[in-house]
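Asker: The following block contains the structure, expressed as structure tokens.
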Amino acid sequence: MNSKILISVLLLLALIMQSCAGPSDEKTLAAKQKQLDQKEAQRDNLEKEIAILEKEIAKLDTSSKIELEKLVGITPVVTTAFTSQVEVMGKIDVDANAQISASMPGTVTRIFVKEGTHVKTGQTLAQIDNELVSRNITQAKQAVSFTTELYKKQKALWDQKIGSEVQFLNAKNNMDNAIASLNTVYQQNDMYKIKALYPGVVDEVSIKLGQTTSPGMPAFRIVGTKGLKLKAEVPESYINKVKQGNSVQVYMPDLDKEITGKVNYVSRVVDPLNRSFTVEINIPDGQTSIKTNMIGVLKIRDYKNDKAISIPVKTLLKNTDGYYVFIAEVKDGKKYAKQVNIKTGAVSGENIEVIDGLKVGDELITTGYQSINDGNLLKVSSK
């Protein structure tokens with residue numbers, strides 16, 4: 001019978017006998033308890049002796065030595081450039097994003113664009129009723145034609161030394177005044193047109209045909225296609241990492257797109273409440289998919305090591321002594337798992353820098369490490 005089972009049976013019988021005994025005084029109970037403690041101590045000693053004997057027998061009995069191989073994947077440890085970065089949320093803004101209104105009051109007679117139309121600087125968006133100004137233009141043109149004809153005739157006479165100089169100068173002055181008046185009327189007529197002040201896209205049309213509009217009343221919203229920028233609040237601790245003119249990476253989560261921008265502005269004031277400062281990143285022109293008020297992520301590099309040892313974060317394990325990994329160690333032509341304590345550094349994405357504990361050439365176990373122990377025989381996967 002197994003020794004452990006025998007000991008347990010004996011203890012059980014002792015307890016049954018004790019429970020079946022008749023009434024006893026305190027001395028008898030104490031004696032029985034002492035006997036039980038002695039038996040338990042004997043049991044513990046026997047179990048320890050049995051465990052020692054089993055180990056010694058296992059060492060001597062070579063026929064029972066069957067090492068089970070653990071299937072793992074390994075990756076050689078090498079040095080590589082390693083960078084870590086901090087990510088700060090920001091919002092896309094644009095220099096040109098405003099409501100445009102009419103310069104003169106009147107009725108809207110024509111609308112030349114619709115939402116989504118790309119426009120150029122000075123392009124006419126809508127026409128305000130300008131009938132009165134049109135009549136003034138006709139009259140001004142007639143005045144220019146008349147005074148110009150008189151000037152030509154007076155000049156011809158003056159060239160022949162006929163007439164006075166005063167007559168010639170008056171004719172020229174009348175013509176100049178008529179031309180100036182015509183230009184003024186043209187300018188007035190131009191004010192009855194609503195024009196784009198900068199290149200962009202019509203984002204909103206707020207007026208309708210036949211509607212009466214006036215200065216200050218929103219007519220169109222034009223969003224510029226140039227001058228996109230990311231505005232972000234950066235923690236004060238990174239003030240030395242962000243400099244005007246630096247190239248930085250901006251990630252657009254909604255577009256799953258990363259672009260390179262340039263730091264255009266760095267605030268000279270730190271917000272006393274959240275201990276951050278404002279930065280603006282210029283976004284390259286032509287990014288038509290990026291919209292105003294979209295969320296962008298500013299990536300600021302805060303550490304770089306050109307010859308770092310880095311490993312996947314997922315291979316990192318932890319116990320009471322700290323972090324450790326498993327490497328493959330060769331003994332007698334076979335590979336065994338070896339637990340190695342390491343010291344970690346910066347983290348970048350899915351990788352972490354190892355400052356101490358690993359060296360170039362070590363074979364890091366990158367798959368199957370969850371189910372192995374120190375000293376296990378390994379079978380390396382060919383994949």
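Asker: Might you tell me the accessible area per residue for segment 77-186, computed with a 1.4 Å probe and given in Å²?
Answerer: So segment 77-186 comes to 62 Å² accessible per residue, rounded to a whole number.
Asker: Which values, in whole Å and largest first, are the semi-axes of the equivalent ellipsoid of segment 34-159 obtained as the square root of 5 times each eigenvalue of the Cα gyration tensor?
Answerer: In descending order, the three semi-axes are 110, 24, 15 Å.
Asker: A further question on this structure: Could you state the number of Å between the C-alpha centres of segment 306-333 and segment 129-148?
Answerer: So the separation of the two Cα centres works out to 89 Å.
Asker: Summing Lys, Arg as +1 and Asp, Glu as -1, what charge do residues with Cβ under 15 Å from the Cβ of Val201 carry, Val201 excluded? Don't skip to the answer; put the middle values down first.
Answerer: Numbers: positive: Lys114, Lys120, Arg221, Lys226, Lys291; negative: Asp95, Glu115, Asp203, Glu204, Asp285.
Summing Lys/Arg as +1 and Asp/Glu as -1 gives 0.
Asker: Taking 0.36 nm per residue of sequence separation and subtracting the Cα-Cα distance, how much length would be gained by fully extending the chain between Lys343 and Ala156, in nm to one decimal?
Answerer: That pair, Lys343 and Ala156, stretches by 57.3 nm at full extension.
Asker: Helix 3-20 sits at what angle to the longest principal axis of the chain, using alpha carbons and giving 0 to 90 degrees rounded to 10?
Answerer: In the chain, helix 3-20 runs at an angle near 80 degrees to the longest axis.
Asker: Right, something else. Considering the zone a paramagnetic label at Ser145 would reach in this model (a point 7 Å from Cα along the Cα-to-Cβ line), which residues of segment 152-194 have amide N under 19 Å from it?
Answerer: 152-154, 174-186
Asker: Same structure, new question: For segment 258-309, what is Rg from Cα atoms divided by 2.2 N^0.38 Å, rounded to two decimals?
Answerer: 1.51
Asker: In addition: Roughly what angle does helix 26-60 make with the longest principal axis of the chain, taking Cα atoms, 0 to 90 degrees, to the nearest 10?
Answerer: The two axes meet at around 70 degrees.
Asker: Helix 165-190 versus the longest principal axis of the chain: what is the Cα-based angle in degrees, 0 to 90, to the nearest 10?
Answerer: Approximately 30 degrees, to the nearest ten.
Asker: Normalising by the residue count of the chain, find the relative contact order in percent from Cα pairs under 8 Å and 6+ residues apart.
Answerer: 24 percent
Asker: Moving to a separate point now. Quick one: Karplus J couplings for segment 288-293, per residue in order, coefficients 6.51, -1.76, 1.60, θ = phi - 60°, nearest Hz, x for Gly and Pro?
Answerer: Each residue's phi maps through the Karplus curve to give 5, 7, 8, 10, 4, 6 Hz.
Asker: Would you please give the residues with an amide H less than 5 Å from that of Ser103, counting only those at least 5 places away or on a separate chain, with H modeled from the backbone geometry?
Answerer: The list, which skips near neighbours in sequence, is empty: none.
Asker: Sequence-distant or interchain residues sharing an amide H contact under 5 Å with Tyr303, placed H: which?
Answerer: Ser84
Asker: So what is the calculated 222 nm ellipticity per residue for the chain, using -39500 (n - 2.57) for each DSSP H run with n of 4 or more, over all residues, to the nearest 500 deg cm²/dmol?
Answerer: The helix-only estimate for the chain comes to -10000 deg cm²/dmol at 222 nm.
Asker: Sticking with this one: Once each part is reduced to its C-alpha centroid, what is the distance from segment 73-124 to segment 262-280 in angstrom?
Answerer: Cα centroid to Cα centroid, the span is 21 Å.
Asker: Just the number, please: carbon plus sulfur as a percent of the accessible area of the chain, 1.4 Å probe, no ligands or DNA/RNA counted. Walk me through the numbers on the way to the answer.
Answerer: Details: 12760 of 24690 Å².
C and S atoms contribute 52 percent here.
Asker: For segment 219-259 and segment 336-351, what is the separation of their Cα centres, given in Å?
Answerer: 34 Å
Asker: Something else: What is the gain in length, in nm to one decimal, between Asn45 and Asn293 on full extension, counting 0.36 nm per residue of separation less the C-alpha to C-alpha distance? Could you put the intermediate results ahead of the total?
Answerer: Numbers: separation 248, 0.36 × 248 = 89.28 nm, distance 7.49 nm.
Gain on stretching Asn45 to Asn293: 81.8 nm.
Asker: Still on this structure, I have one more. Could you tell me how many cubic angstrom of Cα convex hull volume segment 326-383 has per residue?
Answerer: Dividing the Cα hull volume of segment 326-383 by its residues yields 107 Å³.
Asker: Hey, with R₀ at 30 Å, roughly what FRET efficiency would Thr212 and Thr121 work out to, going by the Cβ-Cβ distance, to 0.05? Spell out each step's value before the answer.
Answerer: Values: r = 27 Å, r/R0 = 0.90.
So the FRET efficiency works out to roughly 0.65.
Asker: If you don't mind, another one. Can you check what the Kirkwood hydrodynamic radius comes to for segment 215-366, Cα pairs only, in Å to one decimal?
Answerer: On the way: mean 1/r = 0.0511 Å⁻¹.
For segment 215-366, the Kirkwood estimate is 19.6 Å.
Asker: For labels at Asp374 and Leu132 in the simple 7 Å Cα→Cβ model, what's the distance in nm?
Answerer: My value for the distance between the label points is 9.7 nm.
Asker: If I take R0 = 45 Å and measure r between the Cβ atoms of Lys241 and Asp203 in this structure, what FRET efficiency does the formula 1/(1 + (r/R0)^6) give, to the nearest 0.05? Don't jump to the answer; show the numbers that get you there.
Answerer: Working: r = 35 Å, r/R0 = 0.78.
Efficiency, rounded to the nearest 0.05: 0.80.
Asker: For segment 92-152, which GluC sites (Glu not before Pro) are both in a DSSP coil and crowded by at most 16 other Cβ atoms within 10 Å? Could you put the intermediate results ahead of the total?
Answerer: On the way: sites: Glu115, Glu131, Glu149; in loops: Glu115.
Of the GluC sites (Glu not before Pro), the ones in loops of segment 92-152 whose Cβ has at most 16 other Cβ atoms within 10 Å are Glu115.
Asker: Would you please give the FRET efficiency between Leu68 and Ala31, computed as 1/(1 + (r/R0)^6) with r the Cβ-Cβ distance and R0 = 45 Å, to the nearest 0.05?
Answerer: E(calc), rounded to 0.05, equals 0.35.
Asker: In the P(r) worked out for the chain, what percent of Cα pairs fall beyond 37 Å?
Answerer: More than 37 Å apart: 65 percent of the Cα pairs in the chain.
The values are calculated or read from the model by the stated rules, or taken from the named source; none is laboratory data. All values derive from a computational prediction rather than experimental measurement. No Cβ is skipped: glycine too gets one built from the backbone with ideal geometry, and neighbour counts run over all protein chains shown. Keep in mind that these areas ignore ligands, DNA and RNA; they rest on the heavy atoms of the full protein, side chains included. Shrake-Rupley method; radii C 1.70, N 1.55, O 1.52, S 1.80 Å.
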